[in-house]
Amino acid sequence: MTSIRKEISIDVRPEDAWAALRDFPAVHERLVPGFVTDARMDGDDARIVTFFNGAVARETLVGIDEEARRLAYAIVDGPLEFVHYNASAQIFPDGEGCRFVWIIDVLPHERAEVVSDLMERGIGVIKTTLESHAAVG
């Protein structure tokens, strides 16, 4: 299994970043608009997401930890045919802003480069989106 970790400092209050991250159904509106173009709930704990490239995946919510400001999810069906895909994103206070940490564990290893490239693009969108909606101060 390959673990991929991306981190970025964001100039927003941790509670504002957390409010956007924990809003599982609204990922396409509050966290990564344009990167995820649509999301709709499929039951209580799953969402169907459509990405900028037309790919569609079913993501299951694994858990939300309010105290740790951590959300975990898994892709259970998608175009890259993962054997295993588990992700977590967490918000940490960082000075007057926050640090966004995104970790994805993926199998097969051959998918790691594609996933890493997508994460790099996605985390940039997260920073831009959050900073444009809730600046520190």
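Backbone geometry of region 75-91 corresponds, through the Karplus equation with coefficients 6.51, -1.76 and 1.60 at θ = phi - 60°, to 3J(HN,Hα) couplings of 8, 9, 7, x, x, 8, 6, 6, 7, 8, 8, 10, 10, 9, 9, 9, 10 Hz, x marking Gly and Pro. The residues of the chain expose on average 52 square angstrom of accessible surface per residue, using a 1.4 Å probe on protein heavy atoms.
Annotation: residue 18 carries an accessible surface of approximately 20 Å², with a 1.4 Å probe and no ligand, DNA or RNA atoms counted.
Taking only Cα atoms and a 10 Å spring cutoff, compute GNM fluctuations for the chain and point out the largest among 63, 95, 122. Looking only at 63, 95, 122, the biggest GNM fluctuation is shown by 95.
How big is D, in µm² s⁻¹, for the chain by Stokes-Einstein at 4 °C and 1.567 mPa s if Rh is the Kirkwood radius over C-alpha pairs? Here the translational diffusion coefficient equals 86 µm²/s.
For the chain, the relative contact order is 33 percent, taking Cα pairs closer than 8 Å that sit 6 or more residues apart in sequence and dividing their mean separation by the residue count. Using heavy atoms of the protein chains and a probe of 1.4 Å, the accessible area assigned to residue 80 is about 50 Å². Ligands, DNA and RNA left out, the 1.4 Å accessible surface of region 1-111 is 46% carbon and sulfur atoms.
The values are calculated or read from the model by the stated rules, or taken from the named source; none is laboratory data. Just so you know, these numbers come straight off a predicted model, no measurement behind them. Heads up: the accessible areas ignore ligands, DNA and RNA and are worked out on the full protein's heavy atoms, side chains in. Shrake-Rupley method; radii C 1.70, N 1.55, O 1.52, S 1.80 Å.
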